[in-house]
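The values are calculated or read from the model by the stated rules, or taken from the named source; none is laboratory data. All values derive from a computational prediction rather than experimental measurement. Counting neighbours? That spans all protein chains shown, and the Cβs are built from the backbone with ideal geometry, glycine included.
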Amino acid sequence: MNFDNLISAIVYLVCCYFLFWLGKLAYDVVHRDFSVKEELVKKDNCAFALSIVGYYLGLVFAIGGVVVGESTGMLPDLIDIFIYGPIAIILMNFSTFINDKLVLYKFNNKKEILKDQNAGTGAVELAIYLATGMIIFGSISGEGGGIITLLAFWAIGQASFIIIGLIYNLITPYNIHDEIEKDNVAAGVCYAGAIVGVANIVRHAISGDFINWSESLLTFVGYFVLGIILLPLIRLYTDKVLLPGAKLTDEIVNQEKPNLGVAFIAAFSYIGSSFLITWCI
């Protein structure tokens, strides 16, 4: 790395940290009815910690989508960073309302996180934030797109999270919303893994240069359908290979204390499989 490249890298990194600070500020403004510091430090709220870590991770992915790819020069790059960066931050925060109203729609997410300290809800919010950041990363990481493609893929991504929730609820022998509301953290972790796994496959589908709408949408739909088809297959694989002699459902819901360790294994199987799929396609 020569001196000019080093200076450029430092400038881009400073811009990234500035955008991250803007993202944190936006979160504080949107959620001004409670104190982030109080939830984390005074109340030791693990559920909230999961949620906000998901927001921060999603924000990192969203900002990363702005800075990766071919450079067209310092000035054009900085213009792109400060156009797409704030838009990505707005979309990250707006996804909160989508999650509340259309993904975990059977209960009050804020109550579950802040009052009940329900870590299962926190895990799902982490997944939604992270998945949103991954979708934003994919939609702006290549050439040929623009603000319209970013907004369109973000909206399609949010719709896909809703569909994932409906289908995941169909392939599991228990009701996701009921279990999460009963403070079943294991159920929330499993569901979160499925969301991130499918989102990673979709991120791969829309990454790279934008060619045209028909090709991009066809690729998006194809990869999304692939991810949905693989959900029950990965669940079966987890039962037979990763947990031989045990049943995932029994460990998650059919015992007095849900097995959180098994839930992490299940979440890993969804996310790990998504990376293997994207590397092989």
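Would you check if Val66 is closer than 19 Å to Gln117 by Cβ and surrounded by 15 or more Cβ atoms within 10 Å (Cβ to Cβ)? Please lay out each step first, then the result.
Numbers: closer than 19 Å to Gln117 by Cβ: no; surrounded by 15 or more Cβ atoms within 10 Å (Cβ to Cβ): yes.
For Val66, the condition - closer than 19 Å to Gln117 by Cβ and surrounded by 15 or more Cβ atoms within 10 Å (Cβ to Cβ) - is not met.
Table: residues versus (1) β-branched (Val, Ile, Thr); (2) under 18 Å from Gly133 (Cα atoms); (3) in contact with a Phe, Trp or Tyr (Cβ under 9 Å, 6 or more places away or on another chain).
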{"residue": "Cys16", "(1), (2), (3)": "no, yes, no"}
{"residue": "Arg32", "(1), (2), (3)": "no, no, no"}
{"residue": "Glu39", "(1), (2), (3)": "no, no, yes"}
{"residue": "Gly54", "(1), (2), (3)": "no, yes, yes"}
{"residue": "Gly65", "(1), (2), (3)": "no, yes, yes"}
Next item on the list: Restricting attention to the stretch 215-226, report how many residues are touching a residue at least 60 places away in the same chain (Cβ under 8 Å) and closer than 11 Å to Ile201 by Cβ.
Entry: 2
Check: Looking at the stretch 251-281, which of its residues are farther than 29 Å from Tyr223 by Cα and loosely packed, with under 15 Cβ neighbours inside 10 Å?
Finding: Asn254, Gln255, Glu256, Lys257, Gly261
Check: Hey, does the stretch 86-102 have a residue that's crowded, with 22+ Cβ neighbours inside 10 Å, among the aromatic types (Phe, Trp, Tyr) and under 20 Å from the mean Cα position of the chain (by Cα)?
Finding: no
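In the stretch 175-224, which residues are hydrophobic (A, V, I, L, M, F, W, C) and more than 26 Å from Gly146 (Cβ to Cβ)? Even if it seems obvious, please write down each step before you answer.
Step one: filter the stretch 175-224 for residues hydrophobic (A, V, I, L, M, F, W, C), giving 176, 180, 185-187, 189-190, 192, 194-196, 198-199, 201-202, 205-206, 210-211, 213, 217-218, 220-221, 224.
If the condition is that a residue be hydrophobic (A, V, I, L, M, F, W, C) and more than 26 Å from Gly146 (Cβ to Cβ), then Ile176, Ile180, Val185, Ala186, Ala187, Val189, Cys190, Ala192, Ala194, Ile195, Val196 are the ones that fit.
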Note to self: Show the residue pairs meeting these rules: Cβ distance below 9 Å; 6+ apart or different chains; first residue within the stretch 1-27 and within 18 Å of Leu57 (Cβ to Cβ) and touching a residue at least 60 places away in the same chain (Cβ under 8 Å); second residue among the aromatic types (Phe, Trp, Tyr) and assigned to a helix (DSSP H, G or I).
What the structure shows: Leu19/Phe82; Gly23/Tyr55; Gly23/Tyr56; Tyr27/Tyr55; Tyr27/Tyr56
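Mind listing whichever residues of the stretch 180-222 are of a type in the set (Val, Ile, Thr), over 21 Å from Ser269 (Cα atoms) and assigned to a helix (DSSP H, G or I)? Before the answer, list the steps.
Just the residues of the stretch 180-222 that are of a type in the set (Val, Ile, Thr), to begin with: 180, 185, 189, 195-196, 198, 201-202, 206, 211, 219, 221.
If we keep only those that are over 21 Å from Ser269 (Cα atoms) too, we end up with 206, 211, 219, 221.
Residues satisfying the conditions are Ile206, Thr219, Val221.
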Notebook entry, point to check: Got a number for residues in the stretch 103-119 being buried (at least 20 other Cβ atoms within 10 Å of the Cβ) and in contact with a Cys (Cβ under 7 Å, 6 or more places away or on another chain)?
Noted result: 1
Next item on the list: Please go through the stretch 103-144 and pick out each residue that is polar (S, T, N, Q) and either over 30 Å from Val68 (Cα atoms) or more than 13 Å from the chain's Cα centre (by Cα) (or both).
Entry: Asn108, Asn109, Gln117, Asn118, Thr121, Ser139, Ser141
Margin query: For the condition closer than 26 Å to Asn200 by Cα, modelled with pLDDT of 95 or more and not polar (S, T, N, Q), what is the one hit in Leu40, Leu57?
Written below: Leu57
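Being surrounded by fewer than 18 Cβ atoms within 10 Å (Cβ to Cβ), of a type outside the set (S, T, N, Q), over 17 Å from Ile90 (Cβ atoms) and in contact with a helix residue (DSSP H, G or I) (Cβ under 7 Å, 6 or more places away or on another chain) narrows it down to one of Ile162, Ile206, so name that one. Break it down into steps so the answer makes sense when it comes.
Values: Ile206 fails: surrounded by fewer than 18 Cβ atoms within 10 Å (Cβ to Cβ).
Every option except Ile162 fails the conditions.
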Check: How many residues are in contact (Cβ under 8 Å) with a residue 40 or more places away in the chain, part of a helix (DSSP H, G or I) and more than 19 Å from Ile90 (Cα to Cα) when one looks only at the stretch 30-65?
Finding: 6
Margin query: If I filter the stretch 190-235 down to residues being within 21 Å of Glu143 (Cα to Cα) and among the charged types (D, E, K, R), which single residue comes out as modelled with the highest pLDDT?
Written below: Arg203
Check: Of all the residues that make up the stretch 72-123, how many are under 29 Å from Ile163 (Cβ atoms), in a helix (DSSP H, G or I) and among the charged types (D, E, K, R)?
Finding: 5
